[in-house]
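Just so it is clear, none of the values below were taken in a lab; they were calculated from the coordinates. If you're wondering where the values come from, they're calculated on a predicted model, not measured in any experiment. With ideal geometry, Cβ positions are generated from the backbone for all residues, glycine too; neighbour counts draw on all protein chains shown.
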Amino acid sequence: MKLEDKKRVLREMVLARRFEERCYQAYIERKIGGFLHLYPGQEACCQGVLEAARPGHDYVITGYRDHVHAIKCGADPKAVMAELYGKETGSSKGRGGSMHIFDVKNHFMGGYALVGGPFPLAAGIAKAIQLKGGDEISICFLGDAANNQGTFHETLNMAAVYKLPVLFVCENNQYGIGTAIDRSTAVVDQFKRVCGYEIQASQCDGQDFDVVYEHAKKAVAYVRNGNGPYFLELMTYRYRGHSMSDSRGYRTREEEELWKQRDPIFILRDRLIDAGAMTLDEFHALEKDTDHYIENEVIKFAEESPEPNVADLEKYVLA
Amino acid sequence: MAEIMYWEALQRAHDEEMARDPLVICMGEDIGVAGGTYKATKGLFEKYGPLRVMDTPISENSYTGLGIGASFLGVRPIIEIMSVNFAWLAMDQMFNSAAKVRYMSGGQLTAPVVFRSPGGSAHQLGAQHSARMEKVFMGIAGLRVVTPSNPKQAYGLLKSAVRSDDPVFINEHELMYNMKGEVPEGEYFHPLEGSEITRPGTDITLFGYNISVHWCLKAAEILASQYNISAEVVDLYALSPLDRAGIKKSVSKTHRAVIAEEDEAPCGVGSEVMAIINEECFFDLDAAPVRVHSALVPQPYNHKLELAAIPDHEDVVNAVLKLFGKA
């Protein structure tokens, strides 16, 4: 990948981080309701995989931690923020909320809030691709804890039986809500659980964009070339709690600090600085520009947008 | 019009829709090579091949989800769930994904998928293979529920369901697949909403759906010939949405109502129809409406107990006689 492209990726990662941090603030201010699941710490996962794929062309589906994946597929950050504000201009017209961002024209097929629910939907999208004969692939991003649902095993089995073009990306952040993986899951390495279905699988560092990108390139090519499903496990960490109601009492601050030393944005930033492609000042300017954009365009749009009309309450129930 | 069996009507609807549109597929347990437990997909595997006639593993929730996911891209899957008892396992995907996706995406996505599944008591199948679950499905926003009482409806409702952009649940009955009836020779699309007056009458309305329509018809015959009571039979083939206008129209005319269902009473079709009568035409009533329904027990295995648990046409007759003060 060219250094220019990597700089763009870094910009997108900074946007993802600052967007989510701004959501946190808006939630505290009660501008955002419901549940809010934030992504900081895991940015290299979404970026690395989708840089290796074709966002907007390939189909992407995920769970409730979905803002960043939607934006990476091409959703306008303004529409995503407006959705969190419950506005008519939101990506789901204010009917979905944080956990249900959709941008179908960009092939972002949605965030779903039943843990493990998207597994079979992703396989179904792959089935449709198979029937129609397109060169797209279906990409399913979920966390490690989703793998304890029956849908994980049932879907892996079917994906293998029907040889479906689906890439399962497991963002292993090591906690299922507030329960550590080794307290809930007999086999901690998730890629090992897949071998029972004879599905190709690998595991790599999820904090280093370059590492994720290289592994994802192989995985995407494997699936796109008609070899059937692939399972890619990315070892990562979410800095914030599972959702906003989570005070992180189940883990130590030391553990969090340890992971923050391997921050995905800093890893990529330092690599670009070492390569002479960027200075620290440029990076700080980038952060500032991002904040400026979020405040003056994204938040402004969400704040100023109208709410849905109550008369439209029952719109979108049936076709 | 030719007389064919209920399963043949379903098979014909599958075949015609699959021949017309390459994106219509069917899937389920044993539907392909084995031809379908109730033969509704007989011969389709040979004709359309494994890509479009998918034998699935016994993983109800996930193959249902797979069909729903495919429907997001315009595929129109007809998903057979072998018994409605197994549909419990698929309800997560049916309710949380198919029924809600249109709303929670602000109209961007829709799940044009058809679920077909037989329920009902069918000769000593015991507690876990005899459930009637229409009461559960009909309470879900975003899901249409229909239930054919004869081969013509089975054919026409499936055809319409495949063409519908909404998810549709078709509630069938294990005892009805060999029932014979007339089905139009040409293409026929039965509406997914509304109700049908199967037998006109003036003194009382008997509401039924699926198998209970036949109890009502038999009861109406007995009431006419032996008691001089003219019963109107209304077939509620659409359970969601229910036909409020049709219910009101008939009860406003006859002033009395009995609702017959094989399902248990709580939160069911009978309770819903009674609520609609209350809301729409309470002051037209000459007597309080009565429900005929199953006992609230897990279906017993013993045949005598089983018969005692489920109603039939005699229970409908007795309910009517009681309502008229003749019993």
Worksheet entry | Average silhouette area of chain B, convex hull of alpha-carbon atoms, in square nanometres | 16.4
Worksheet item: For the stretch B:2-183, what is the convex hull volume of its Cα atoms per residue in Å³?
Response: 100
Worksheet item: Can you give the charge dipole size of the protein assembly as shown about its Cα centre, rounded to the nearest 20 debye, using +1 on the beta carbon of Lys and Arg and -1 on the beta carbon of Asp and Glu?
Response: 200
Worksheet entry | P(r), alpha carbons of the stretch A:219-319 - 10 Å bins starting at zero, rounded % | 10, 17, 25, 30, 16, 2
Discussion item. Which log10 I(q)/I(0) values does the stretch A:213-270 give at q = 0.18, 0.21 Å⁻¹ under the Debye formula, counting every alpha carbon as one identical point scatterer?
Written reply: -0.80, -0.87
Discussion item. If you build the convex hull over the alpha carbons only and average its shadow over all orientations, what do you get for the stretch B:52-157? Give it in nm² to one decimal.
Written reply: 7.4
Fill in: Among B:241, B:151, B:22, residue whose mean-square fluctuation peaks in a GNM of chain B (springs only between Cα atoms under 10 Å)
B:22
Discussion item. Compute, for the stretch A:3-303, the length of the dipole vector about the Cα centre, with Cβ point charges of +1 (Lys, Arg) and -1 (Asp, Glu) only. Units Debye, rounded to 20.
Written reply: 780
Worksheet, complete the sentence: Charge dipole of the protein assembly as shown built from unit charges on the beta carbon (Lys, Arg +1; Asp, Glu -1), centred at mean Cα; most positive-end Cα among B:131, A:292, A:148 is A:292
Worksheet item: the protein assembly as shown: percent of C-alpha pairs farther apart than 42 Å?
Response: 33
Worksheet entry | Over the stretch B:210-288: Rg over Rh, Cα atoms, Kirkwood Rh | 0.95
Response to the item:
Taking the convex hull of the alpha-carbon atoms of chain A and averaging its shadow over every direction gives an area in square nanometres of 16.6
Fill in: Dipole of the protein assembly as shown [Lys/Arg +1, Asp/Glu -1 at C-beta], most positive-end residue of A:311, B:64, B:234
B:64
Practice prompt. Could you tell me, in Å, what Rg and Dmax come out for the Cα atoms of the stretch B:169-254?
Written response: 13.9, 41
Worksheet entry | Ellipticity estimate at 222 nm from DSSP helix runs (n ≥ 4, -39,500 (n - 2.57)) divided over chain A, nearest 500 | -13000 deg cm²/dmol
Worksheet item: Hey, what does the equivalent ellipsoid look like for the stretch B:255-327, semi-axes from the Cα gyration tensor as sqrt of 5 times each eigenvalue, largest first, whole Å?
Response: 25, 15, 6
Worksheet, complete the sentence: Mean other chain Cβ within 10 Å across A:89-97 is 4
Worksheet, complete the sentence: Out of A:33, B:161, B:122 - ranked by how far each Cα lies towards the positive end of the dipole of the protein assembly as shown, with unit charges on the beta-carbon of charged residues - the top one is B:161
Worksheet item: Of the cross-linked pairs A:163/B:47; B:180/B:304; A:105/B:47; A:192/B:100, which ones have a Cα-Cα span greater than 25 Å in the structure shown?
Response: B:180/B:304; A:105/B:47; A:192/B:100
Response to the item:
Descending packing, highest mean Cβ count within 10 Å first, for B:179-190, A:106-117, A:243-254 is A:106-117, B:179-190, A:243-254
Practice prompt. Quick one: P(r) of the stretch B:122-271 from all Cα-Cα pairs, 5 Å bins, percents rounded to integers, in order of increasing distance.
Written response: 2, 9, 18, 21, 20, 16, 10, 3, 1, 0
